[in-house]
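Novice: Got a structure for you, questions after.
The values are calculated or read from the model by the stated rules, or taken from the named source; none is laboratory data. Small disclaimer: the values here were computed from a predicted structure and weren't measured. A quick note on method: Cβ atoms are made from the backbone with ideal geometry, for glycine too, and the neighbour counts reach across all protein chains shown.
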Amino acid sequence: MPMKTFARIRSTVAANIESFVDQLENHEAVATATARHLEQAVVRLRVHRKRAVRRAQGARTRADTLEAAARTWRDRSARLGNDRERAIECVRRFRAAKRAIATAQAEATEEERLIEKLVEDERILSAQIDTLRRRCASLTAREARSDAARDSGIGDSAQSVFERWTARIETKEAEIEAEEGTRDSFEEALDEEEDRAALERELDDILRSGVSS
């Protein structure tokens with residue numbers, strides 16, 4: 001089979017399948033499911049945002065605590081200046097506190113940046129959900145109107161069926177009336193003949209009576 005012919009057949013089959021799937025697809029249900037999926041994503045973002053806020057707050061609190069500890073070790077190193085060994089140990093612990101402060105502050109900054117991104121993602125998804133729900137409501141209303149118009153066409157077809165049914169019944173009734181009319185005409189003819197005969201007999205009686213007198 002030539003490749004072009006095969007490709008054309010494959011395209012035709014694919015188009016038919018897409019058309020069939022499109023007919024089976026409940027668009028409103030798909031849109032609703034998509035909106036629900038996005039809402040679940042927003043919920044997850046909010047959960048992660050709250051956790052990030054707690055981590056940032058914890059890092060800031062830890063940095064403040066370390067700042068106080070650093071000041072204490074610095075003051076001790078100054079107070080123990082005459083005791084070189086102990087003063088040097090205080091300086092060592094002061095430096096360690098300063099490094100821990102820098103780490104905590106960097107952690108807090110990173111979490112705060114993450115919070116900003118999560119807030120922005122939440123805003124974007126919420127806007128998408130609002131747009132999706134508005135479009136879904138609009139399209140659902142439009143589809144309802146088109147379905148109503150289509151049903152109206154079905155009603156018109158049903159009306160034409162009733163009209164044809166009525167015409168057929170009226171035709172049968174007319175035929176019956178015509179048959180009944182034929183029988184009535186025959187009966188009327190007989191009645192007229194009988195009445196004519198009675199009149200003639202009465203006339204004969206009158207004529208005979210007149211002759212007799």
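Novice: Mind checking which residues of region 60-112 are touching a residue at least 12 places away in the same chain (Cβ under 8 Å) and either among the β-branched types (Val, Ile, Thr) or in contact with an Asp or Glu (Cβ under 7 Å, 6 or more places away or on another chain) (or both)?
Specialist: VAL91, ILE101
Novice: When region 56-97 is examined, which residues are found to be basic (Lys, Arg) and farther than 28 Å from LEU118 by Cβ?
Specialist: ARG71, ARG74, ARG76, ARG79, ARG84, ARG86, ARG92, ARG93, ARG95
Novice: Let me ask you something else. Among the listed residues GLU143, GLU111, identify the single one that is among the charged types (D, E, K, R) and surrounded by 16 or more Cβ atoms within 10 Å (Cβ to Cβ).
Specialist: GLU111
One line per residue, one yes/no per condition, for (1) outside any helix (DSSP H, G or I); (2) modelled with pLDDT of 55 or more; (3) of a type in the set (D, E, K, R):
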| position | (1), (2), (3) |
| --- | --- |
| LYS4 | no, no, yes |
| SER19 | no, no, no |
| ALA31 | no, yes, no |
| ARG36 | no, yes, yes |
| HIS48 | no, yes, no |
| ARG55 | no, yes, yes |
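Novice: From (1) touching a Phe, Trp or Tyr at 6+ places or on another chain (Cβ under 9 Å); (2) of a type outside the set (D, E, K, R); (3) buried (at least 17 other Cβ atoms within 10 Å of the Cβ), pick out the condition that doesn't hold for VAL91.
Specialist: Of everything listed in (1) touching a Phe, Trp or Tyr at 6+ places or on another chain (Cβ under 9 Å); (2) of a type outside the set (D, E, K, R); (3) buried (at least 17 other Cβ atoms within 10 Å of the Cβ), VAL91 misses just condition (3).
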